[in-house]
Structure formats: C-alpha cells, structure tokens
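J.: Got a structure for you, questions after.
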Amino acid sequence: MAIRQIRTNGDEILRKKSKEVKEITPSVITLLDDMAETMYEANGVGLAAPQVGVLKRVVVIDIGEGLIELINPVVVETKGSQIGSEGCLSIPGACADVDRPEYVKVEALNRDGEKIVVEGTELLAVALCHETDHLDGVLYIDKAIGEIEGI
C-alpha cells in the first residue's frame, strides 16, 4: 500500500469523467488499498479515484463506521433533502453549504466483483453523492448554495 498524491482544484483530471472498471485486476485492488490509506492519512471521509489521478469509477468511504469500497457505483434512488457544510480533500481549507438527498441508495461492485447495495442517510448519503459526483468531474463547489468559504 502507498499514500498517493491528492490532486487539488485546478487539476484538469478532477473535471474529467471516469471510465467504468471492466475487470477487477490486481491494479484495481492496489488502487482500493492505496485510496483507503491515502484517505485515512488525510483525515477524510471519502476519496474517489480521480482525486489520486486515476480516471476509474472507484470510490472509498469511511464515515467512522468502517470502510466502504465501491467499484462502478450508481446512485439508483434518492429521497428527501438536507443542507449541510461540505469540504473536500481536493479543495483544502474551503467549505460551502450543499443541498444533498437525505437518503441515497447505491449499487456497485465490491473488490470480489460481487454486486452490493449501500444505503445511507445523513453523512453517508452526503459522502455517497459527493464521491460519485467526482467520477463525473463534478465538485461540490459546483453545487454550493451561497458563498464558498476559504477560496
């Protein structure tokens, strides 16, 4: 495992759409491991592959309840609304209010290639939306309500 460099706002890779993972290879497993280590080292709650310079649809999340690894995640259901302050490891020192769903359901593959379903409310719902947005080149600042602090 290795700590990877986190790309920051202005790096063009953060604005590109990630490619679907066709096969779970040893390099994808290494990517998952490195992303988790990088996220924990940076005290984050989520990290998407583009944030470490890889345009693959891979996400890791841990809101304090254990590591969630998602390959090719797709948001299949949302309900409700919540507005809260968000930050991002790729935009250090900044935060802004964002309107996200209160409930989110995501389908993805795990590292073994098995289909999984992750359902989340509150912070997990926010993290699921925030990280899957990264896979489409969307940053939370694009969805900010009002002023973005720290930029």
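J.: Would you be able to tell me the number of residues in region 65-100 that are at positive phi and in contact with a Pro (Cβ under 8 Å, 6 or more places away or on another chain)?
T.: The total comes to 1.
J.: State whether one or more residues within region 9-18 are under 22 Å from L109 (Cα atoms), at pLDDT 95 or above and in contact with a strand residue (DSSP E or B) (Cβ under 8 Å, 6 or more places away or on another chain).
T.: The answer is yes, given that some residue of region 9-18 is under 22 Å from L109 (Cα atoms), at pLDDT 95 or above and in contact with a strand residue (DSSP E or B) (Cβ under 8 Å, 6 or more places away or on another chain).
J.: Can I ask one more? Considering only residues that are surrounded by 16 or more Cβ atoms within 10 Å (Cβ to Cβ) and not hydrophobic (A, V, I, L, M, F, W, C), look in region 125-146 and name the one that is nearest to the chain's Cα centre (by Cα).
T.: E131
J.: Quick check on D34: is it at pLDDT 95 or above and over 15 Å from the mean Cα position of the chain (by Cα)?
T.: no
J.: Something else: Going by the conditions given, is E122 buried (at least 16 other Cβ atoms within 10 Å of the Cβ) and more than 18 Å from I3 (Cβ to Cβ)?
T.: Answer is no for this residue.
J.: Out of G66, G120, which single residue is closer than 16 Å to G46 by Cα, of a type outside the set (V, I, T), free of Cβ contacts under 8 Å to residues at least 60 places away in the same chain and in contact with a helix residue (DSSP H, G or I) (Cβ under 7 Å, 6 or more places away or on another chain)?
T.: G120
J.: Let me ask something additional. When region 10-30 is examined, which residues are found to be over 21 Å from L139 (Cα atoms) and in a helix (DSSP H, G or I)?
T.: Hits for region 10-30 are P26, S27, V28, I29, T30.
J.: Still on this model: Return the only residue of E149, E65, E41, E114 being under 16 Å from E20 (Cα atoms), of a type in the set (D, E) and loosely packed, with under 15 Cβ neighbours inside 10 Å.
T.: E114
One line per residue, one yes/no per condition, for (1) more than 28 Å from T25 (Cα to Cα); (2) outside any loop (DSSP other than H, G, I, E, B); (3) at pLDDT 95 or above; (4) aromatic (F, W, Y):
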| residue | (1), (2), (3), (4) |
| --- | --- |
| Q51 | no, yes, yes, no |
| V60 | no, yes, yes, no |
| G64 | no, no, yes, no |
| V76 | no, yes, yes, no |
| S85 | yes, yes, yes, no |
| D97 | yes, yes, yes, no |
| L123 | yes, yes, yes, no |
| V126 | yes, yes, yes, no |
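J.: Further question: Out of curiosity, is V104 in contact with a Cys (Cβ under 7 Å, 6 or more places away or on another chain), modelled with pLDDT of 95 or more, assigned to a strand (DSSP E or B) and buried (at least 19 other Cβ atoms within 10 Å of the Cβ)?
T.: So V104 passes the test.
J.: Can D99 be described as acidic (D, E) and either surrounded by 15 or more Cβ atoms within 10 Å (Cβ to Cβ) or within 14 Å of R4 (Cβ to Cβ) (or both)?
T.: Spelling it out, it is not the case that D99 is acidic (D, E) and either surrounded by 15 or more Cβ atoms within 10 Å (Cβ to Cβ) or within 14 Å of R4 (Cβ to Cβ) (or both).
J.: Right, something else. On the basis of being among the aliphatic types (A, V, I, L, M), farther than 27 Å from V28 by Cβ and either out of contact with any Gly (no Cβ under 8 Å at 6 or more places or on another chain) or part of a strand (DSSP E or B) (or both), does I116 make the cut?
T.: The answer is no for I116.
The values are calculated or read from the model by the stated rules, or taken from the named source; none is laboratory data. Computed from a predicted structure; not experimentally measured. No Cβ is skipped: glycine too gets one built from the backbone with ideal geometry, and neighbour counts run over all protein chains shown.
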